[in-house]
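K.L.:
Right, I'll just put the structure down here and ask away after.
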Amino acid sequence: MKKTWSYTLIFIIYVTTYVNKSYSQEKMAYSNIKGKLSSTQNKNLDEVLIQLVNDADKKLVKMEYADQQGNFLFEQIPPGTYILVTQSMAFARYQSAPIVHTKNTDAGIILLSTASTTLKEAAVVATKPFIQQQYDKTVVNVAASISAAGSTALEVLEKAPGITIDQNDNIAMRGRQGVLVMIDGKQVPMSGQDLANMLRNMSANQIDKIDLITNPSAKYDAAGNAGIIDIRLKKGKTTGTNGNISLSYGQGIYAKLNPSLNFNSKHKNLNVFGAYNYAYREDFNDLLIFRNFYDDNNAVTGGNNYDNFFRYHFNSHNARIGADYNLRSNIVVGFAANGIFSDGNISSNSVAQSFNAQQQKTGAFTTIGDNNPQRNNGSINLNYKHTLDTAGRELTADLDYARFTSDETQNYHTTYFDNDQNPSKAPYLLFGDLNGNLSIRSFKMDYTQPLKSIGAKLDAGIKSSWVKSDNDVKFFDRSNGGNVLDEGKSNRFIYEENINAAYLNVSGKWKKLSIQLGLRTENTNAKGVQVTNKDNFDRNYTQFFPSGYAGYAFNDKHDLGLSMSRRINRPSYRQLNPFKVFLDPLTSSAGNPFLNPEITNSFELTHTFKQQYTTKIGYSRTTDNILIVLSPDTDPNSVLQTGRNLAKFDYYNLSFGFPLTIGKWLNSTNNALLYYGKYKGDLVNTHLDVSRVSFSFNSSNSININPNTSLEVVGSYESRSYYGFLDVGSYWFVNIGAQRQLWEKKASIKLNVSDVFFTNQTNAVTKLTGYGETFIQKRDTRVITLSFNYKFGGSLSNGAKRKTGGAEEEKRRAG
C-alpha cells in the first residue's frame, strides 16, 4: 500500500507540472478587468468589496476584494458592458458608468469618499436570485432571502428544494439518505439528532449560501453517496469587533431554549473569532408497535403489542474559539478549537401485551428505563494558507486532532404480569455501563494552479487520517440483589482505521462550454477486534472515484449539462460497534462490525430554461447498500435492530424547480420530485425485491408586507415510499411564521409555528421471513417559537476563510 501511495503522489506532481508547462504558451480565452481604489487617507482599502455587475440585466457577475494598496483584478471576464459597484462600512457607495470590456480593460483610479458615521445600509444594484441551478449543484442564496434573518440553519435547510428532514432528524436529499452536511467545505463532526441540534444552534444570519451538490468533484472526500450539503458562511472583512446575539424559546408539549453568541474581532493582521451556543431541549417519542412472529408456513406463532413513551431532556454547550494571523500579505496561519459538551436523561415507559398463535392474551410486562448519556467532544485545527502569486496559485494545509468521549448508564426494571394483572414471575433488573473513546488525527494539503492559457484551473491534493475507537460495554443482572456480569450482552470493541487519499481535478469555463474532470483515489486500512468473543477483521483496499461534468449554454434561454460521480459511504463508528442498547427484554439494537461500505455511481442530466426553470433527470446504483433492519434475534419472540448490507439499490429521479414572483410582495420557490427506488438482495433469510414510484413537493413562500415586515408559509409533502423492508406511509406538514425587522435591521423578532396541523408523523409496515411489524410514531413537532436576534458592531463577521479542518469526515462518522 505504501507503493500505491507513493506512485499516486508522484503522478499528481508530474501531471501538475506537465499540464502547466504544456498550456503556458497557448492563447487566453478571456481577458481581465483591473483598477485601483484610492481615498484621501488610503486606509482600509482591503476591506472594500468590489462587485462586477452586468449592465444589461444588473445581475452580479463576480465579486473581489481590493488589496491593501487598493488594487483589484477580475480575471477571465468575457467581452461585454459592465458596472463596478463598491460596498464598505468605511467608504460611501460608488457606482461606475458603464464600462465596455473587450480585452484587458483598465478601469483606472476610483476615488472613494469617507462614509458618514450615520451611514445607513447601502442599497446594492447587484441582486442574486434565491435559488440558482447549476450543472452539478443547486445554490440557495440565503443572504438574498429577506425572511432568513432570525431563522436557524436547520429551518433554512428544511425550506431548500429537494431537502427533507424526517421524524428522527435524518436529512435526505431528493428522497435519499446518506447525505453529508458540510460547513465551508468541511464535513461537520455529527450525524442524526446531534447534527440537527447543531444546526438549530446556528443562526441563518451567519450564512451566505448553501450548495446542494448532487455530484461532488474529486476535491471533496469520496464519502456521501446521496450528495453533499455545503453551508457557506459569510466572510468577515470589517475591522473592529462585531457579532450576533440571539435568543429563542419554543413551546410544544415541552420547552426548547436556545441562546447563542457569535463574535469576530479584527485588528490589523490579527483576527480573533469565537462562538457559544447553549441548547436546552425537552422532547418526546410516542411509539406504538404491533408485532407478529411466523412459522415456515407463514402462520402466526405469537406476538406483542407495545405502547412506548420516551421523554428526553438534553443540555448542550457548543463553544468555538480561534484566530488567524497574517504573517505576510500572502501568508495566513491560524488555529481553531471546538468543544461540544452535552448531558441528558432519557426516561422510557414500555407496556407490552403478549399473544399466542390464536391471538389470545398470554400476559404482559412493563419496562421502566432511565438512561443518562454524556458526550464530550473536542477538536483543534492548525491551518496554513499561502497565496503564491497574484495569478491564483495557492497552497493550503490542515493539521487536525479530535477526541470524543462518551459515558452512559442504563437502568431497566421489567415487571411481568398474568392476564389478571398479578405478578407472574420475579422482576428483571438490568444495569448497563457504556464507555467509549474515539481519537482522530488528520493531515491534508491542497494546491491550486491556474491554467490561464486555456481559461482553466487545476486542483490537486493529498490527505491522511488515523482513527482509533475503543468501546467497553458491561451489563449486569441485578435481579437477585447482586451485580452479576451478563457476558452475553457485554463486550469490548477496538477499531483502528487509516485512510490515505489523493486527488486531481481540472475545471474550466469558456464562452458556452464548462467542463470539470477529476479523479480521487483512497487507500483504506482497517481492523477491528471484539475482545470478549475474539472475533476480528482486517480490511485493506484501494478504490478510485472519478467525477466530472460537462455543460453547454446554447443561448440565453437554454443550458444543458451532464454530471457523474462515484461515491462511498462508510458506516459510522457507532454502526460498527456491536454493543447493544435495550428497549425491553425482547427488543434491542446493536452495531454490526462486519458492515461493508456502500458504493454509489450517479449520473444526472440537467436542463435550465431562462436560468430559472430547471429540470433534472438522474440515475444511480448503490451496491452493498447499508440498511437498518429489524429482524428476529436469537431469543424466542425477540427482535434486533442492526445495520446490514443489501446487494443493490437502483434509484431514478426526475425533478422540476420553478420560482414564482408576483410583484414585489410574493416570492415563491417550488420543487417537485418524482423518483423510483428499487431494492434487491437477500437479507435475514428473506429475498427482498421491492420498488415504488414516489413523489415529493416543497413550496416556500415569502410575503413582503413592507420593507420591515414579512410573512412566510412553507409546505411539504412526501408520498408513500420504501426504505428497504420498510413500507413508509405518506406525510405532510405546514409551517407559518411572521418576522419584523427592528432598529434599521440590526435586530429582528420572529414568531413561528411548525407543523401547524400536527401531521408530521411516521407510520410504516415491515415484513420478512419469520417476523412482521407495524408502527406509528409521533414526536413533539408542533412548536411555537419566539426568537430575537441582534447584530452588534456592524455586519456580522466570521473572520478569515479557514475555520474548519481536514478531519471533518472522520468526525462526522463519530456521531
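K.L.:
If you take the residues of segment 37-80 that are among the small types (G, A, S) and assigned to a strand (DSSP E or B), which of them is nearest to A92 (Cα to Cα)?
P.N.:
First, the residues of segment 37-80 that are among the small types (G, A, S): 38-39, 56, 66, 70, 80.
Adding the requirement that they be assigned to a strand (DSSP E or B) leaves 38, 80.
Working: S38: 12, G80: 27 Å.
Among them, the one singled out is S38.
K.L.:
Looking at segment 686-708, is at least one residue in contact with a Lys or Arg (Cβ under 7 Å, 6 or more places away or on another chain), free of Cβ contacts under 8 Å to residues at least 12 places away in the same chain and either more than 20 Å from L646 (Cβ to Cβ) or in the same structural domain as F649 (by TED's automatic domain parsing) (or both)?
P.N.:
yes
K.L.:
Conditions: (1) closer than 25 Å to L199 by Cβ; (2) not in a strand (DSSP E or B). I346 meets all but one. Number of the miss?
P.N.:
Tallying (1) closer than 25 Å to L199 by Cβ; (2) not in a strand (DSSP E or B), I346 fails exactly one: (2).
K.L.:
Let me ask something else about it. Only residues that are crowded, with 22+ Cβ neighbours inside 10 Å, over 14 Å from the mean Cα position of the chain (by Cα) and either β-branched (V, I, T) or at pLDDT below 65 (or both): list them for segment 153-179, please.
P.N.:
Within segment 153-179, just G175 meets the criteria.
K.L.:
Return a yes/no flag: does segment 741-750 have any residue that is basic (K, R), more than 30 Å from F792 (Cβ to Cβ) and part of a strand (DSSP E or B).
P.N.:
In the first step, residues of segment 741-750 are kept if they are basic (K, R); the result is 745-746, 750.
Adding the requirement that they be more than 30 Å from F792 (Cβ to Cβ) leaves none.
The answer is no; no qualifying residue exists.
K.L.:
Then there is this: I'd like the full set of residues that are among the aliphatic types (A, V, I, L, M) and under 30 Å from N304 (Cβ atoms), limited to segment 732-780.
P.N.:
Across segment 732-780, the qualifying residues are A764, V765, L768, I776.
K.L.:
Against the definition (closer than 30 Å to D472 by Cα, assigned to a strand (DSSP E or B), assigned by TED's automatic domain parsing to the domain that holds S602 and modelled with pLDDT of 90 or more), how does N505 come out, yes or no?
P.N.:
no
K.L.:
Moving to a separate point now. Could you say whether any residue in segment 760-770 is modelled with pLDDT of 90 or more, under 22 Å from E158 (Cα atoms), surrounded by fewer than 20 Cβ atoms within 10 Å (Cβ to Cβ) and of a type in the set (A, V, I, L, M, F, W, C)?
P.N.:
So far as segment 760-770 goes, no, none of its residues is modelled with pLDDT of 90 or more, under 22 Å from E158 (Cα atoms), surrounded by fewer than 20 Cβ atoms within 10 Å (Cβ to Cβ) and of a type in the set (A, V, I, L, M, F, W, C).
K.L.:
Among the residues of segment 382-401, which ones are among the polar types (S, T, N, Q) and either assigned to a strand (DSSP E or B) or crowded, with 19+ Cβ neighbours inside 10 Å (or both)?
P.N.:
Answer for segment 382-401, where residues must be among the polar types (S, T, N, Q) and either assigned to a strand (DSSP E or B) or crowded, with 19+ Cβ neighbours inside 10 Å (or both): N383, T387, T396.
Here is a yes/no grid of residues against (1) modelled with pLDDT under 90; (2) among the basic types (K, R); (3) closer than 30 Å to S439 by Cα; (4) surrounded by 19 or more Cβ atoms within 10 Å (Cβ to Cβ):
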{"position": "V333", "(1), (2), (3), (4)": "no, no, yes, no"}
{"position": "N338", "(1), (2), (3), (4)": "yes, no, yes, yes"}
{"position": "S342", "(1), (2), (3), (4)": "yes, no, yes, no"}
{"position": "Q358", "(1), (2), (3), (4)": "yes, no, no, no"}
{"position": "A364", "(1), (2), (3), (4)": "no, no, no, no"}
{"position": "I380", "(1), (2), (3), (4)": "no, no, yes, no"}
{"position": "Q421", "(1), (2), (3), (4)": "yes, no, no, no"}
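K.L.:
With respect to S39, determine if the residue is closer than 23 Å to T390 by Cβ, surrounded by 15 or more Cβ atoms within 10 Å (Cβ to Cβ) and more than 36 Å from the chain's Cα centre (by Cα).
P.N.:
Against the criterion (closer than 23 Å to T390 by Cβ, surrounded by 15 or more Cβ atoms within 10 Å (Cβ to Cβ) and more than 36 Å from the chain's Cα centre (by Cα)), S39 qualifies.
K.L.:
Could I ask something else about it? When you scan segment 6-13, do you find a residue that is of a type outside the set (G, A, S), at pLDDT 75 or above and surrounded by fewer than 17 Cβ atoms within 10 Å (Cβ to Cβ), even just one?
P.N.:
Scanning segment 6-13 turns up no residue that is of a type outside the set (G, A, S), at pLDDT 75 or above and surrounded by fewer than 17 Cβ atoms within 10 Å (Cβ to Cβ).
K.L.:
Looking only at segment 298-319, count how many residues are farther than 16 Å from L195 by Cα and assigned to a strand (DSSP E or B).
P.N.:
14
K.L.:
Something else about it: Counting only residues that are part of a strand (DSSP E or B) and either not assigned by TED's automatic domain parsing to the domain that holds G737 or not aromatic (F, W, Y) (or both), how many does segment 670-685 have?
P.N.:
Summing the residues that are part of a strand (DSSP E or B) and either not assigned by TED's automatic domain parsing to the domain that holds G737 or not aromatic (F, W, Y) (or both) in segment 670-685 gives 11.
K.L.:
If S329 satisfies all but one of (1) closer than 30 Å to Q449 by Cα; (2) at pLDDT 90 or above, what's the number of the condition it fails?
P.N.:
(2)
K.L.:
Kindly indicate the residue of segment 593-623 that is surrounded by fewer than 19 Cβ atoms within 10 Å (Cβ to Cβ) and in contact with a Gly (Cβ under 9 Å, 6 or more places away or on another chain) and also modelled with the lowest pLDDT among those meeting that condition.
P.N.:
Checking each candidate, the answer is Q612.
K.L.:
Moving on to the next point. Please enumerate the residues belonging to segment 214-225 that are assigned to a strand (DSSP E or B) and under 11 Å from the mean Cα position of the chain (by Cα).
P.N.:
Residues satisfying the conditions do not exist here.
K.L.:
Still on this structure, I have one more. Within segment 671-685, can you find the residues that are in contact (Cβ under 8 Å) with a residue 40 or more places away in the chain and either β-branched (V, I, T) or surrounded by 16 or more Cβ atoms within 10 Å (Cβ to Cβ) (or both)? Working first, answer last.
P.N.:
Of segment 671-685, the ones in contact (Cβ under 8 Å) with a residue 40 or more places away in the chain are 671, 673, 675, 677, 679, 681, 683-685.
Across segment 671-685, the qualifying residues are N671, L673, Y675, G677, Y679, G681, L683, V684.
K.L.:
Of the residues Q353, Q360, which single one is over 30 Å from K457 (Cβ atoms) and without any contact (Cβ under 8 Å) to a residue 12 or more places away in the chain?
P.N.:
Checking each option against the conditions leaves just Q360.
K.L.:
Do you know which of the residues in segment 435-492 that are within 20 Å of P593 (Cβ to Cβ) and basic (K, R) is surrounded by the fewest Cβ atoms within 10 Å (Cβ to Cβ)?
P.N.:
Going through the qualifying residues, I end up with K468.
K.L.:
Something else now. Look through segment 511-568, keep the residues that are crowded, with 16+ Cβ neighbours inside 10 Å and aromatic (F, W, Y), and return whichever of them is nearest to the chain's Cα centre (by Cα).
P.N.:
Selected residue: F545.
K.L.:
Would you confirm, using the coordinates I've provided, whether M202 is within 30 Å of I462 (Cβ to Cβ), modelled with pLDDT under 70 and in contact with a helix residue (DSSP H, G or I) (Cβ under 9 Å, 6 or more places away or on another chain)?
P.N.:
When the stated conditions are applied, M202 does not pass them.
K.L.:
Same structure again: Give the residue that is nearest to Y573 (Cα to Cα), with candidates limited to residues of segment 508-559 that are among the hydroxyl-bearing types (S, T, Y) and part of a strand (DSSP E or B).
P.N.:
Here the residue is T524.
The values are calculated or read from the model by the stated rules, or taken from the named source; none is laboratory data. Not measured: the values here are computed from a predicted model. Glycine gets a Cβ as well: all are built from the backbone with ideal geometry, and neighbour counts include every protein chain shown.
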